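Working notes, structure below.
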Amino acid sequence: MAITIKKVLSNSKKILNEELGSSYQKNNFDAEYCLMEVLKKDRIFLHSSDETEISKHQLYQYNKLLKQRKSGRPLAQVLGWQSFFKNKFLVNRDVLIPRSETEILIPKILKKGDEIYDKNQSVTIIDAGAGTGCIGMSLALERKNWKIYLIENSPKVIDILLLNHKKFKLQNCKIICSNWLSSIESNVADILVSNPPYINKLAGDVEESVAKFEPESALFAIDNGLSEIKKIIIESRRIIKEKGLLFLENGYNQSENIVSILRKNYYKDIKTILDYNDIERFTVSQHP
Ligand SMILES: C[S@@+](CC[C@H](N)C(=O)[O-])C[C@H]1O[C@@H](n2cnc3c(N)ncnc32)[C@H](O)[C@@H]1O
């Protein structure tokens, strides 16, 4: 029997609410996203043509997506992409799903980079722990004349980086396999940015679906979540040019410790940046 868009959506919204409970209430659009993906149509179409019938094959494809979402798998992994800044980044279960708060970094780095470019006519940016490439590639897409280096140590993550690199046809972006900054030449970066793993596993304050579906290597760090940030700060002193900038993302209660580590490493002009929930989420500082 043929089934309309309206019927599919109302049935599956009910199913998702039952299966996922309160975690699903936050995002009531997931069924719509799955259907938009299968029909290759936008939300306006879904709502303006909701008496349209969908084919058996489309229903089969849709049910496959819905089944994954019902199991709790994050929508981005079900769809295979996540929007970040102005673009859709390919995502799989080996990489961190780009977070909307990380987007806050992009205009800030663009602004600082433009100032550097005006003075030097060149800008080199390093994105350490690039994941999907969402930070570095967003910058590369906005500023074709900047040089961007994306660093990752995980071969599986590098596979996704290569796919995104190909998708965006980037000429100004290079992927480097390295344990943090160990393979990078000294004194090269005008700006180094990193969103490293920073969650303290022992504190148990990570959402269940994040811990279950996203890669441990992108999430957790020892030493109260500070071990990787500490390594990056220490190694960055060799990599960042004089007066260059270090942008870091951090956990909700780590800002004070990070400021202290930066001071110990002679970073100056240290500023904390808030996220959308007024949490001290980022630190920017200047290499001495
Ligand atoms: C929190 S994720 C951030 C991903 C991406 N930059 C973003 O903002 O969505 C941290 C990334 O650091 C990478 N990573 C962890 N340890 C690393 C190391 N020693 N060297 C290079 N990259 C590392 C992980 O594979 C992961 O992709």
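Derivation of every value follows stated rules applied to the coordinates shown; laboratory data play no part. Everything numeric in this text was worked out from a predicted model, so none of it was measured. We place every Cβ from the backbone using ideal geometry, glycine too, and count neighbours over all the protein chains shown.
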message: Please give the Cα centre distance for segment 193-233 versus segment 111-178, rounded to the nearest Å.
response: 22
query: Can you give the convex hull volume per residue for the Cα atoms of segment 169-288, as a whole number of Å³?
result: 135
query: Can you give the direction-averaged projected area of the convex hull of the alpha-carbon atoms in segment 1-88, in nm²?
result: 5.8
Label-point gap, in nm, between Ser100 and Lys86 - each point 7 angstrom along Cα→Cβ: 2.0
- request: Obtain the nm distance between the two label points defined at Lys156 and Ile234 by a simple spin-label model: each point lies 7 Å from its Cα along the Cα-to-C-beta direction.
  value: 2.8
task: Calculate the all-directions average of the projected area of segment 130-210's alpha-carbon convex hull, and give it in nm².
output: 6.8
- line: Total charge of the residues flanking Asp275 in space, meaning their Cβ is under 15 Å from its Cβ, with Lys and Arg +1 and Asp and Glu -1, is -1
Spherically averaged projected area of the chain from its Cα convex hull (nm²): 16.1
query: What value, in deg cm²/dmol to 500, does the helix sum -39500 (n - 2.57) over DSSP H runs of n ≥ 4 give at 222 nm once divided by the residues of the chain?
result: -13000 deg cm²/dmol
- request: Round to the nearest 0.05 the FRET efficiency obtained for Asp278 and Ser217 when R0 = 30 Å and r is the Cβ-Cβ distance.
  value: 0.55
statement: Note: Glu208 to Thr4 extended length (0.36 nm per residue) minus current alpha-carbon separation gives 70.0 nm
query: Hey, got the dipole for segment 119-239? About the Cα centre, +1 on K and R Cβ, -1 on D and E Cβ, debye to the nearest 20?
result: 640
- line: Ordered by fewest other Cβ atoms within 10 Å, a rough proxy for footprinting exposure, His287, His57, His165, His47 read His57, His47, His165, His287
statement: Each label sits 7 Å from Cα toward the beta-carbon; between Asn224 and Gln68 the label points are separated, in nm, by 3.9
task: Could you line up Ile5, Ile106 from fewest to most neighbouring Cβ atoms inside 10 Å?
output: Ile106, Ile5
task: Run the dipole for segment 5-72 about the Cα centre, Lys and Arg Cβ at +1, Asp and Glu Cβ at -1, nothing else charged, and hand back the magnitude in debye, nearest 20.
output: 160
statement: The Cα radius of gyration of segment 106-259, divided by 2.2 N^0.38 Å with N its residue count, comes to 1.04
statement: Per residue convex hull volume, Cα only, segment 221-262, in Å³ is 69
- request: Arrange the following residues from fewest to most other Cβ atoms within 10 Å of their Cβ: Lys166, Lys241.
  value: Lys166, Lys241
